[in-house]
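Structure first, commentary second.
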Amino acid sequence: MNGLFNRWSRHAALAVGLFAIASVAHADVFGRLKIVVKNADDEKPVAGAKVVLHDSASVKADITLTSDANGIVNTGPLEARAWKVTVTMDAFDKDERDFTVVADTTSDIEVLLEPQNEKVIKIKGDKILIKVTDPSTGVRRDQDFVKRFPATAGNPQSLSKFLRSNPGLAEDSNGQVHPRGEHSSTTIYINGFQLPGAFQGRAGQVLAPGAIESLDLLTGGYAPEYGSETAAILNVKLKSGPMAPFASYDVQGGGYGTFYGGLTFGGQTGEALGAPDANGRSARRLRYLFDFSARRTDNQLEPPQPDDQMAHNQGRSFTGFSNLEYEATSQDTFGLMLSTNPAKTQVANRTGLPSRYAAYGQGYGYGGTLSKEEADLLGIVSQQDAGQDIEQEDRNSMGVLSWRRNLGPNTSSFLSFGVVHSGLDITNNNPDVDLNDLPENSSIEFNPTIIRNAHNSEIQGSVSHSINGHNLKFGFVYDNQTGNESYQLIPASQAALDALMELDPRLVPDGDTPATLKMKREGYYFASYIQDTWKATPKLTVNYGLRFDTFKQDQNAKATDGSNEDSSVNESQLSPRLNMAYALTPKTVVRASYNRLFIQPPLAQGSFLGSQIKPERLHQFDFSVEHQIGSRQTLKAAAYYKDIEDQIDTGLLVEGTQIGAYTSVSLGKGQVRGLEFTYELAPKNNRGFSAYATWANALAKPSGTTNTGEEVDDAYNDHDQLNTISGGLNYTFDNDWTTGLSVYYGSGFASSVLDEDSGKRSSRTQVNFRVAKANLFGNVGLSLEVENLFDQRALMNFQSAFSGTRFQQGRRILLSLNGKF
């Protein structure tokens, strides 16, 4: 305890010192605008013009500013979303336009006011959809996207299904998403707070899409402020309470015994701030928003057979989140975020595969490697018939306090403190096992009791300053980490006992006494950075800087046999980052970047095999070209390359089983290269057609020696997928009826191979469909969704070290009612 206190004291003092001069791994959701007002006739500056900024989310009061003698208006920090900019001046026509603020960047807007005393033919330019001043590689998704395209059909709580619409992300079974050749290593920044271990081994959700206002998914060109786990960054802006109070609901039911209910309400209260808007509504000091949802289904995760998909595959989940913001003064805003997301998921049982799998194993016996004929000769029945009953319980929760302060017209600061808990219990009600009389083989592998709890306590801060085309930012993060794990795997056969002996002798029972291995981890992750986003020329934006990361973890393992083993890892790295965006034309931008990255091991994921897991280090190079066609279409082509040392991968603790006990492993070295193409069609005035399409082509190859001392002999990572395609098409009618399709195609993971000699992979395609009408019956809307329209049940993983055997979930038809009150 004294060591923990001393470590906290030492780093808290360091954090306070850094905060006085700097800021850290805090990804902001604010940016600034520089508006230049000119006379369209002679392009001379117009002083005294009135500039009004209107928040598209109707959360903040209208902001009114006046251009200076040079016709310039510099705004304070603005939320990174769409704002309506209105410029008026006596003797000139009014100018109105929508503009999306880019986080951590000062974006330029040139306004040419037309004199009223001249007869002119005004040719209005196209709205610019691409961010020519943003050097990062990524896409933005918001609630409009969720409403138009049924990517999350079947499970509105699923963040992984929401994300698979983005280039470079390949969806796997068990809620996993693999970004650009990595297993996971994804960090979520929620309103600027860094949330670690986004998708590691969770059946439940860490954050539901319904709570998100907008999400910037970044896969490259990272500013130095981004760190921790950087295969992908999710920079999330949560919904806030609007000026007009509201309450909305969504009730859904359908196939596989699936039921869902959601409730969201929010608003503002307290003293009025600023002048009322055009509708007479005033912003107020306290903004509040609450979002709750619950879901149950009999087909929760991808099952181990294509036909009987509900065999012990029930899932129940809940998401709850609140976002409170109090604007104490014009300079100070305080925030409180609370979230809890528990889930209980049955581990699906194997019931047996069709005869075409006989040569490879039909799901009988240990690891499912026996055919039906072999099992019958040995008197072995399936897991379902044997009465296997294993359940996984997830507990994900967090609480964050934040303080944002405007220190001056060009300077702002942010400070937050948060706690995060990730818990995972795997328990069983299997038939009892006689350890003194084990059968040679059995379809039930183990009677597991696994308890995992990980806690993170984080303090983060940042200071940003804008001056002469430079956006300077300094920051720090200190994350105190503790983890406690307990493993008991009672073998149900001699084959399972042999597997335990090979895996780790400390897990082997002593006679008829089960073995329990307890792990304790303590440590911290600390980072600090300095960066500048510099508008070097009117066309060139450069983001550059340095980031320093430190990861330390002490591990203690105690086993029933009396062994007590201590180990430690302590690694640091100074990482340069350089990201550039060059606007060839107002509608064409070229981006190039080099990032040195440092990825910390996931605390919420067990890792006790072999030596302790070291942080992953890599060099990443990105290049892309993005072009806007007309007023509604964009095209983007991107290429990237990663050179990786100590690549962190994740797999089952016991290979071939279905039990959701995962562990991390270091693969020594890795290389990933890929090409990505994206097309998007925006709707016209929220009506008519809209669409998106992505194609990613990637190769992920490991090499070297793992942390267990084994040579990496696989040609590809188990999550390697050569081609990933996603797309969507929507049409919204004038009467607000809307219909949409989403498509996902994967050419097959390396873990889907049946015949090792041929190496042929199993591809899969899924089409989702939705037709909906808002306010069909007064304030009540109706929606019909079909998940997996063509009922494809392709093989996703086969006897995989990552997830055992998994098949695509079958067609699910759902009807929902939604509305406001």
**Q.** Qualifying position, being under 22 Å from Asn453 (Cβ atoms) and either touching a residue at least 24 places away in the same chain (Cβ under 8 Å) or charged (D, E, K, R) (or both), among Ala559, Ala583, Ala638
**A.** Ala559
Q | the range 613-634, residues that are of a type in the set (A, V, I, L, M, F, W, C) and outside any strand (DSSP E or B) | A | Ile613
Q. What's the number of the condition Gly210 fails, among (1) crowded, with 20+ Cβ neighbours inside 10 Å; (2) free of Cβ contacts under 8 Å to residues at least 40 places away in the same chain?
A. (2)
Q. On the given criteria, is Asn441 touching a helix residue (DSSP H, G or I) at 6+ places or on another chain (Cβ under 9 Å), at pLDDT 95 or above, closer than 22 Å to Gln305 by Cα and among the polar types (S, T, N, Q)?
A. yes
Q. Within the set of pairs 6+ apart or on separate chains, which have a first residue in the range 274-285 that is in contact (Cβ under 8 Å) with a residue 40 or more places away in the chain, a second that is among the charged types (D, E, K, R), and C-beta atoms under 6 Å apart?
A. Asp277/Asp62; Ala283/Lys60; Arg285/Glu271; Arg285/Glu327
Q. Do we have any residue at all in the range 390-404 that's in contact (Cβ under 8 Å) with a residue 24 or more places away in the chain, buried (at least 23 other Cβ atoms within 10 Å of the Cβ), touching a Phe, Trp or Tyr at 6+ places or on another chain (Cβ under 9 Å) and charged (D, E, K, R)?
A. no
Q: Tally the residues that are surrounded by 18 or more Cβ atoms within 10 Å (Cβ to Cβ), among the charged types (D, E, K, R) and closer than 28 Å to Gly361 by Cβ, restricting the search to the range 286-334.
A: 1
Q.
On the basis of being under 30 Å from Tyr364 (Cβ atoms), hydroxyl-bearing (Ser, Thr, Tyr), part of a strand (DSSP E or B) and touching a helix residue (DSSP H, G or I) at 6+ places or on another chain (Cβ under 8 Å), does Tyr478 make the cut?
A. no
(Q) Which pairs turn up if I take residues in the range 470-484 that are among the polar types (S, T, N, Q) and look for partners that are outside any strand (DSSP E or B) and surrounded by fewer than 21 Cβ atoms within 10 Å (Cβ to Cβ) with beta carbon separation below 7 Å, at least 6 apart in sequence or on another chain? (A) Asn480/Trp8
Q | Test result for Ser457, crowded, with 18+ Cβ neighbours inside 10 Å and part of a strand (DSSP E or B) | A | no
Q | Matching residues in the range 335-378 - criterion: being in a strand (DSSP E or B), crowded, with 19+ Cβ neighbours inside 10 Å and of a type in the set (Val, Ile, Thr) | A | Thr345
Q) Just checking, which of Leu472, Leu435, Leu407 is modelled with pLDDT of 95 or more, of a type in the set (A, V, I, L, M) and surrounded by fewer than 17 Cβ atoms within 10 Å (Cβ to Cβ)? A) Leu435
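If you scan the range 350-373, which residues turn out to be in contact with a Gly (Cβ under 9 Å, 6 or more places away or on another chain) and among the polar types (S, T, N, Q)? Step through it out loud before you land on a result.
Of the residues in the range 350-373, the ones in contact with a Gly (Cβ under 9 Å, 6 or more places away or on another chain) are 350-353, 357, 361-364, 366-372.
Of everything in the range 350-373, those that are in contact with a Gly (Cβ under 9 Å, 6 or more places away or on another chain) and among the polar types (S, T, N, Q) turn out to be Thr351, Gln362, Thr369, Ser371.
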(Q) Any residue in the range 536-553 that is on the phi > 0 side of the Ramachandran plot sitting within a Cβ distance under 8 Å of a residue that is assigned to a loop (DSSP other than H, G, I, E, B) and at pLDDT 95 or above? List the pairs, counting only those 6 or more apart or interchain. (A) Gly545/Ala223; Gly545/Pro224
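Is at least one residue of the range 601-612 in a strand (DSSP E or B) and buried (at least 19 other Cβ atoms within 10 Å of the Cβ)? Write out each step before concluding.
Within the range 601-612, the first condition is being in a strand (DSSP E or B), and the residues that meet it are 606.
From what's left, buried (at least 19 other Cβ atoms within 10 Å of the Cβ): 606.
Yes, the range 601-612 has at least one match.
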Q) From the residues in the range 28-56 that are buried (at least 17 other Cβ atoms within 10 Å of the Cβ) and small (Gly, Ala, Ser), which one is nearest to Asp277 (Cα to Cα)? A) Ala49
Q: Return the only residue of Ala691, Ala637 being assigned to a strand (DSSP E or B), at pLDDT 95 or above and closer than 30 Å to Arg547 by Cβ.
A: Ala637
Q: Residues being modelled with pLDDT of 95 or more and in a loop (DSSP other than H, G, I, E, B): count how many of those fall in the range 764-821.
A: 11
Q. Only one of these conditions is not met by Gly125: (1) at pLDDT below 85; (2) under 16 Å from the mean Cα position of the chain (by Cα); (3) of a type in the set (Gly, Ala, Ser). Which number is it?
A. (2)
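With the structure loaded, tell me whether Ala499 is assigned to a helix (DSSP H, G or I) and surrounded by 21 or more Cβ atoms within 10 Å (Cβ to Cβ) or whether it fails that test.
Spelling it out, Ala499 is indeed assigned to a helix (DSSP H, G or I) and surrounded by 21 or more Cβ atoms within 10 Å (Cβ to Cβ).
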Q | the range 558-584, subset modelled with pLDDT under 95 and out of contact with any Lys or Arg (no Cβ under 7 Å at 6 or more places or on another chain), residue nearest to Ile130 (Cα to Cα) | A | Ser568
Q. Taking Phe259, is it modelled with pLDDT under 95 and either buried (at least 16 other Cβ atoms within 10 Å of the Cβ) or closer than 29 Å to Leu814 by Cβ (or both)?
A. no
Q. Residues of the range 485-496 being part of a helix (DSSP H, G or I) and not hydrophobic (A, V, I, L, M, F, W, C), which ones?
A. Gln494
Q. Just to be sure, is Asn396 in contact with a strand residue (DSSP E or B) (Cβ under 6 Å, 6 or more places away or on another chain) and among the polar types (S, T, N, Q)?
A. yes
Q: Would you mind stating whether Asp104 is without any contact (Cβ under 8 Å) to a residue 24 or more places away in the chain, of a type in the set (D, E, K, R) and outside any strand (DSSP E or B)?
A: no
Q | Residues of the range 745-761 that turn out to be over 23 Å from the mean Cα position of the chain (by Cα) and not in a helix (DSSP H, G or I), as a count | A | 9
**Q.** Residue within the range 503-521 that is assigned to a strand (DSSP E or B), modelled with pLDDT of 95 or more and out of contact with any His (no Cβ under 9 Å at 6 or more places or on another chain) present
**A.** no
Q) What number goes with the only condition from (1) out of contact with any Asp or Glu (no Cβ under 9 Å at 6 or more places or on another chain); (2) farther than 30 Å from Val786 by Cβ that Tyr288 does not pass? A) (1)
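If the requirement is being of a type in the set (A, V, I, L, M, F, W, C), under 25 Å from Gln157 (Cα atoms) and either without any contact (Cβ under 8 Å) to a residue 24 or more places away in the chain or surrounded by fewer than 17 Cβ atoms within 10 Å (Cβ to Cβ) (or both), which of these qualifies: Leu817, Leu729? Steps first, answer last, please.
Values: Leu729 fails: either without any contact (Cβ under 8 Å) to a residue 24 or more places away in the chain or surrounded by fewer than 17 Cβ atoms within 10 Å (Cβ to Cβ) (or both).
Residue meeting the stated conditions: Leu817.
The values are calculated or read from the model by the stated rules, or taken from the named source; none is laboratory data. Bear in mind that the values here come from a model prediction, so they are computed numbers and not experimental data. Don't worry about glycine lacking a Cβ; one is built from the backbone with ideal geometry, like all the others, and counts go over all protein chains shown.
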